[in-house]
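Undergrad: If you scroll down you'll find the structure; I have some questions about it.
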Amino acid sequence: MIKSQVPEYFRKRRDSLMKANSAAAFILPANPEYVRNNDVHYPFRQDTNLYYLTGFDEPESCLVLAPTGLESPAYQVVLFVRERVREREIWEGERYGVDRSAKIFGADLCFPIHELGKQLPGLLKHAESVHYSLGRDAETDRVVLRALEEQRSSQGRSGRGLLPLLDSRPVVGELRLRKGPEEADLLRRAGKVSALAHKTLMEQVRPGWNEFEVEALVNFTMRKNGSERLGYDSIIAGGRNATCLHYRANNEPLRDGDLLLVDAGGECDYYTADITRTFPVGRTFTSEQAQIYDIVLKAQKECVAMTRPGLTIEQLYDHAARVMMEGVEALGLLKVPAAKFISEAGHKALFPHGIGHWLGMDVHDSGIYKLGGAARKLEAGMCFTIEPGLYFQPDDAQWPEKYRGIGIRIEDDILVTPEGCEVLTAGAPKERAEIEALRAGSR
Ligand code: GLY
Ligand code: MN
Ligand code: MN
């Protein structure tokens, strides 16, 4: 769809970036398009940083933010885009083209993408450094490196070398880490739609369905309710498949008596949710499943309750690990006390992943986790997941047979607020009684 305008916040983000990095140029190319076979492509999604700074969603494009050396305007916005070619538009759809891109996306200058190499050296004239992520696309790397050399040699006998080249990702990532009000709204929307999709599964899934039928219902419900695509491939894991953390095959039938772990989140205008729920394929949890579920839920709810500015994700991990291992110990499953089990890293057999990650436009969003070697303190506006889980590997003989093959994760999306936090995915049921009530009504 061709947009007629984009919100003002894109310009504000560019201003913030360039104010914090005043003599730096940024070169942010579109994501490459990947061919699946013959004339068929994988779905295209714009490079997140390019979208974050422009709202521009076409492939074969590049944003350059170039310092002018003047007080005002301190930098120029330059877009390189595909030209309008009638033959291509008949096959692939309408393009913005050079003139419209400048107007709609607020670029000072706009050129056809094939002019990137020609224009870059001049655009770098007032830059003291260049932010560009090397190594993603060999052809663009070559264009950028040649432009750096041309910029250097254009200065005559200056004795200077190439401009320093820095990765753009951590710098833009720091901006993206703190969400503005418009971002919080989109994350709220994504959380709501995704929670509804999980609830719909609890109402409709039946024993005998294949995992891919569940996946289809997730896709349908997300899209029917306003999410244009998913933020990542859904994990639809019945029974022991749930003990594979990033299970992706999604192609086995569901059996009554097993659990179903679903990890799925939809995007709303490039902001994604990331939710996991685990519920019985049949009507009720078995007693072993219920025991483990209650332990994970206790850890998850306590972590949510603790979250506030000043806390670290590491503290949440430690808390979840302790609560879950004490729970497992209370079931008589540990040969050593929980604290010793954790200090010897034994708990990693049951809880092998972290407690969560930054969330935003990417499911594993940008932002540095440690500052000066220490875990970063949460601040209002940061968004992340809380997702403890327990996974009894089917072949791990240290656990009684009846627990093996149980995999449970409960994952919510959390926005840190000045007073504490907001759970963006609260619409997805996680209380065992509520889930069982929904399952009871499922047939
Ligand atoms: N959906 C992947 C994750 O939870 O990190
Ligand atoms: Mn996650
Ligand atoms: Mn997830």
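Undergrad: Using only Cα positions of segment 343-419, each an equal point scatterer, no hydration layer, compute I(q)/I(0) via Debye at q = 0.14, 0.19, 0.22, 0.25 Å⁻¹ and quote the log10 values to two decimals.
TA: For segment 343-419 at q = 0.14, 0.19, 0.22, 0.25 Å⁻¹, log10 I(q)/I(0) is -0.62, -0.89, -1.02, -1.16.
Undergrad: Can you work out the FRET efficiency for the pair Thr312 and Phe212, with r the C-beta to C-beta distance and R0 = 51 Å, to the nearest 0.05?
TA: 0.85
Undergrad: Once you have the Cα-Cα distance between Leu145 and Lys12, take 0.36 nm times their residue separation minus that, and quote the gain in nm to one decimal.
TA: This chain segment gains 45.0 nm when fully extended.
Undergrad: Residue separation times 0.36 nm, minus the C-alpha to C-alpha distance between Ala433 and Asp167: what's the value?
TA: Separation in residues times 0.36 nm, less the Cα-Cα distance, equals 90.9 nm.
Undergrad: How much of the DSSP bridge set in segment 26-139 is antiparallel, in percent, rounded to the nearest 5?
TA: Of all bridge pairs located within segment 26-139, approximately 70 percent are antiparallel.
Undergrad: Return the Rg/Rh ratio of segment 228-323 with Cα-based radii and a Kirkwood Rh.
TA: Dividing the radius of gyration by the Kirkwood radius yields 1.02.
Undergrad: If you take the C-alpha gyration tensor of the chain, multiply each eigenvalue by 5 and take the square root, what semi-axes do you get, largest first, in whole Å?
TA: Over the Cα atoms of the chain, the semi-axes work out to 46, 25, 19 Å.
Undergrad: Could you tell me how many degrees, from 0 to 90 and to the nearest 10, lie between the Cα long axis of helix 181-204 and the main elongation axis, the longest principal axis, of the Cα atoms of the chain?
TA: 40 degrees
Undergrad: With a sphere of radius 10 Å drawn around the Cβ of Gly173, what net charge do the other residues whose Cβ falls strictly inside it have (Lys, Arg +1; Asp, Glu -1)?
TA: Its environment carries a net charge of -2.
Undergrad: What is the pair-distance distribution P(r) of segment 1-121, computed from all Cα-Cα distances in 5 Å bins starting at 0, with each bin given as a whole percent?
TA: Binned Cα distances yield the sequence 2, 11, 20, 24, 20, 12, 6, 4, 1, 0, 0.
Undergrad: Which order do the peptides 225-231, 33-39, 158-164 come out in when sorted by mean C-beta neighbours inside 10 angstrom, highest first?
TA: 225-231, 158-164, 33-39
Undergrad: Looking at segment 293-380, which GluC sites (Glu not before Pro) are DSSP coil and have at most 15 other C-beta atoms within 10 Å of their C-beta?
TA: Listed in order of number, the matching sites are Glu344, Glu379.
Undergrad: For segment 39-188, just run the numbers: alpha carbon Rg, then divide by 2.2 N^0.38 Å, N being how many residues it has.
TA: That works out to 1.15 for segment 39-188.
Undergrad: What does the charge add up to near Glu288, with Lys and Arg as +1, Asp and Glu as -1, over the other residues with Cβ less than 13 Å from its Cβ?
TA: Its environment carries a net charge of -1.
Undergrad: Taking K and R as +1 and D and E as -1, what net charge do the other residues with C-beta under 13 Å from the C-beta of Val40 add up to?
TA: My count for the surroundings of Val40 gives -2.
Undergrad: If each of Ser4 and Leu70 carries a label point 7 Å out from its Cα toward its Cβ, how far apart are those two points in nm?
TA: According to this spin-label approximation, the distance is 3.1 nm.
Undergrad: What is the distance in Å between the Cα centres of segment 21-76 and segment 245-297?
TA: Answer, in whole Å: 37.
Undergrad: If you stretched the chain out fully between Ser129 and Ile90, how much longer would it get, using 0.36 nm times the residue separation minus the C-alpha to C-alpha distance?
TA: Going from the current span to full extension adds 9.9 nm.
Undergrad: For the chain, find the longest principal axis of its Cα atoms and tell me its angle to the long axis of helix 211-224, 0 to 90°, nearest 10.
TA: The two axes meet at around 50 degrees.
Undergrad: Quick one: order Tyr391, Tyr369 by neighbouring beta-carbon count within 10 Å, fewest to most.
TA: Ordered by Cβ neighbours within 10 Å, fewest first: Tyr369, Tyr391.
Undergrad: Each residue of segment 248-260 in order: what ³J(HN,Hα) in whole Hz does its phi give by Karplus 6.51 cos²θ - 1.76 cosθ + 1.60, θ = phi - 60°, with x for Gly and Pro?
TA: Once rounded to whole Hz, the list reads 10, 5, 6, 9, 10, x, 8, 10, 3, x, 8, 9, 10.
Undergrad: Starting from the amide H of Gln76, placed 1.01 Å from N in the peptide plane, find each other amide H under 5 Å away whose residue is 5 or more places distant or on another chain.
TA: Correct list: Ala66, Thr68.
Undergrad: May I pose another question? By counting other Cβ atoms within 10 Å of each Cβ, how are Glu411, Glu431 ranked from fewest to most?
TA: Glu431, Glu411
Undergrad: Report, in debye and to the nearest 20, how large the dipole of the chain comes out about its Cα centre when Lys and Arg carry +1 and Asp and Glu carry -1 on their Cβ.
TA: Charge dipole, the chain, about its Cα centre: 480 debye, nearest 20.
Undergrad: For segment 302-443, count all C-alpha to C-alpha pairs, find those more than 17 Å apart, and express that count as a whole percent of the total.
TA: Percent of Cα pairs beyond 17 Å in segment 302-443: 66.
Undergrad: Relative to the first principal axis of the alpha-carbon coordinates of the chain, what is the inclination of helix 313-330, with its axis defined by its Cα atoms, in degrees from 0 to 90 and to the nearest 10?
TA: 20 degrees
Undergrad: List the relative contact order of the chain as a percent without decimals, with contacts defined as Cα pairs under 8 Å and 6+ residues apart.
TA: After rounding, I find 14 percent.
Undergrad: In what sequence, highest mean first, do 185-195, 143-153 appear when ranked by Cβ atoms within 10 angstrom?
TA: My ranking of the peptides, most packed first, is 185-195, 143-153.
Undergrad: Among Thr243, Gly310, Ile406, flag the residue with its Cα farthest along the positive direction of the charge dipole of the chain, charges on Cβ as +1 for Lys/Arg and -1 for Asp/Glu.
TA: Gly310
Coordinate-derived values only; no laboratory data. If you're wondering where the values come from, they're calculated on a predicted model, not measured in any experiment. As a convention, Cβ positions derive from the backbone with ideal geometry for all residues, glycine included, and neighbour counts pool all protein chains shown.
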